[in-house]
Amino acid sequence: MGNSFLYPDHLGDYILNHWVREPEIMRELRELTALREDSGYQISPDEAQFLAFMTRAISATRYLEIGVFTGYSSLAVALAMPVTGKITACDISEEFTAIGRKFWERAGVSEKIELRIAPAMDTLQDLINEGREYDFAFIDADKPNYAHYYEACLKLVRKGGLIAVDNVLWGGKVTDPSFQDESTIAIRELNSFIQQDERVEVCLVPIGDGVTLTQRR
């Protein structure tokens, strides 16, 4: 199923078969990406459906994505948005995102997606300087910079808008003190910080590798 760390494979298959509504174009992209050695970067189909569901639920037309990889999550949200919807997709890899571009074009949503290839913090500062405002932001990039991405998103997401942070359970490493690598520490610290952050409402969505969903007050 891909990136489904919170339940065993037989439950992942059950979820995929009983709850996931995955357009054919998305299934093709997911299965193509699954062939890669780095396929773990891709979110699971149930998480992609969750992002699309929330996009529709809040009638989001402005979506910010930090970490695109092969474009599966961007495609899910673009398909969920109305024709007027716009996505700003941030990544540093031309190679990975070139795969996504092909599928965005095939799905007829490429006009909705503005891809910016640069270090994400540079792009986020540019967006802040441009006075951009978003309804929904999704953070799924390099973990050591998660706290910086979160703070930037709080400046870019409107009041009442959503910020979703991926991989917050980190395959269980967050609870294991033997893991003291930079990424694990960064996620632990951000999890503790957000739990106390009075600027947002917060909940944990136990899907994929764990998603923290916050709403800006």
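The values are calculated or read from the model by the stated rules, or taken from the named source; none is laboratory data. Remember, predicted model here, so these are calculated numbers, not experimental data. When we count neighbours, we look across all protein chains shown, and the Cβ atoms used for this are built from the backbone with ideal geometry, even at glycine. We work out accessible area using only protein heavy atoms, side chains counted, and drop any ligands, DNA or RNA first. Shrake-Rupley method; radii C 1.70, N 1.55, O 1.52, S 1.80 Å.
What is the magnitude of the charge dipole of segment 1-116 about its Cα centre, with +1 placed on the Cβ of each Lys and Arg, -1 on the Cβ of each Asp and Glu, and no other charges, expressed in debye to the nearest 20? List each step's numbers first, then the result.
Working: 12 positive and 17 negative charges, 105 e Å.
So the dipole magnitude of segment 1-116 works out to roughly 500 debye.
With Cβ to Cβ distances under 11 Å as the rule, what net charge do the other residues near VAL202 carry (K, R +1; D, E -1)? If you can, show how the numbers build up before the last one.
Values: positive: ARG199, ARG216, ARG217; negative: ASP197, GLU198, GLU201.
My count for the surroundings of VAL202 gives 0.
Counting Lys and Arg as +1 and Asp and Glu as -1, what is the net charge of the other residues whose Cβ lies under 12 Å from the Cβ of ARG158? Kindly include the intermediate steps, with their values, before the conclusion.
Numbers: positive: ARG62, ARG132, LYS155, LYS159, ARG216, ARG217; negative: GLU133, ASP135.
With Lys, Arg at +1 and Asp, Glu at -1, the net is +4.
Please compute the contact order of segment 67-213 in relative form: average sequence separation of alpha-carbon pairs under 8 Å and at least six residues apart, divided by the residue count, as a percent.
On the way: 202 pairs, mean separation 27.9, N = 147.
After rounding, I find 19 percent.
Hey, can you rank 64-72, 87-95, 14-22 by average C-beta count inside 10 Å, highest first?
Numbers: 64-72: 26.3, 87-95: 19.2, 14-22: 12.7.
Highest to lowest by the protection proxy: 64-72, 87-95, 14-22.
Taking all pairs of distinct Cα atoms, average 1/r, flip it, and tell me the Kirkwood hydrodynamic radius of segment 44-101 in Å to one decimal place.
Working: mean 1/r = 0.0871 Å⁻¹.
Answer for segment 44-101: a Kirkwood hydrodynamic radius of 11.5 Å.
Tell me the per residue accessible area of segment 141-217 using a 1.4 Å probe; a whole number in Å² is fine. If you can, show how the numbers build up before the last one.
Values: 3660 Å² over 77 residues.
So segment 141-217 comes to 48 Å² accessible per residue, rounded to a whole number.
Roughly how many whole Å is it from the C-alpha centroid of segment 18-75 to that of segment 149-194?
The two parts, judged by their Cα centres, are 20 Å apart.
With n ≥ 4 as the cut-off for DSSP H runs, can you work out [θ] at 222 nm for the chain, using -39500 (n - 2.57) per run divided by the number of residues, rounded to the nearest 500?
Details: 8 runs with 93 residues, N = 217.
Per the formula, -13000 deg cm²/dmol.
As a test, work out the antiparallel percent of DSSP beta bridges whose residues both lie in the chain, rounded to the nearest 5.
Numbers: 11 of 30 bridges.
Around 35 percent antiparallel, to the nearest 5.
Shape verdict for segment 1-119, please, from the Cα gyration tensor: rounded (a/c under 1.5), prolate (a/b greater than b/c) or oblate. Let's see the in-between values first.
Values: a/c = 1.81, a/b = 1.26, b/c = 1.43.
Here segment 1-119 falls in the oblate category.
Given 37 °C and 0.692 mPa s, how large is the Stokes-Einstein diffusion coefficient of the chain in µm²/s, with Rh as the Kirkwood radius over Cα pairs?
On the way: Rh = 17.4 Å.
D, rounded to a whole number, is 189 µm²/s.
Tally up the carbon and sulfur contribution to the accessible surface of the chain as a whole percent, 1.4 Å probe, everything protein left in place. Please list the in-between numbers first.
Details: 5570 of 10490 Å².
Carbon and sulfur atoms account for 53 percent of the accessible area of the chain.
Rounded to the nearest 20 Debye, what is the dipole magnitude of the chain about its Cα centre when Lys and Arg each give +1 and Asp and Glu each give -1 at the C-beta? Kindly include the intermediate steps, with their values, before the conclusion.
Values: 22 positive and 34 negative charges, 167 e Å.
About 800 debye.
With a sphere of radius 12 Å drawn around the Cβ of LEU51, what net charge do the other residues whose Cβ falls strictly inside it have (Lys, Arg +1; Asp, Glu -1)? Provide the component values of the computation, followed by the final result.
Working: positive: ARG56; negative: ASP46, GLU47, GLU65, ASP140, ASP166.
Every neighbour counted, the sum reads -4.
Using Cα positions and a limit of under 27 Å, work out the lysines in reach of LYS155, with same-chain residues fewer than 8 apart set aside.
Output for LYS155: LYS86, LYS112, LYS143.
Set Lys and Arg Cβ to +1 and Asp and Glu Cβ to -1, take the dipole of segment 78-217 about its Cα centre, and tell me which of ILE92, VAL109, ILE128 lies farthest positive.
Selected residue: VAL109.
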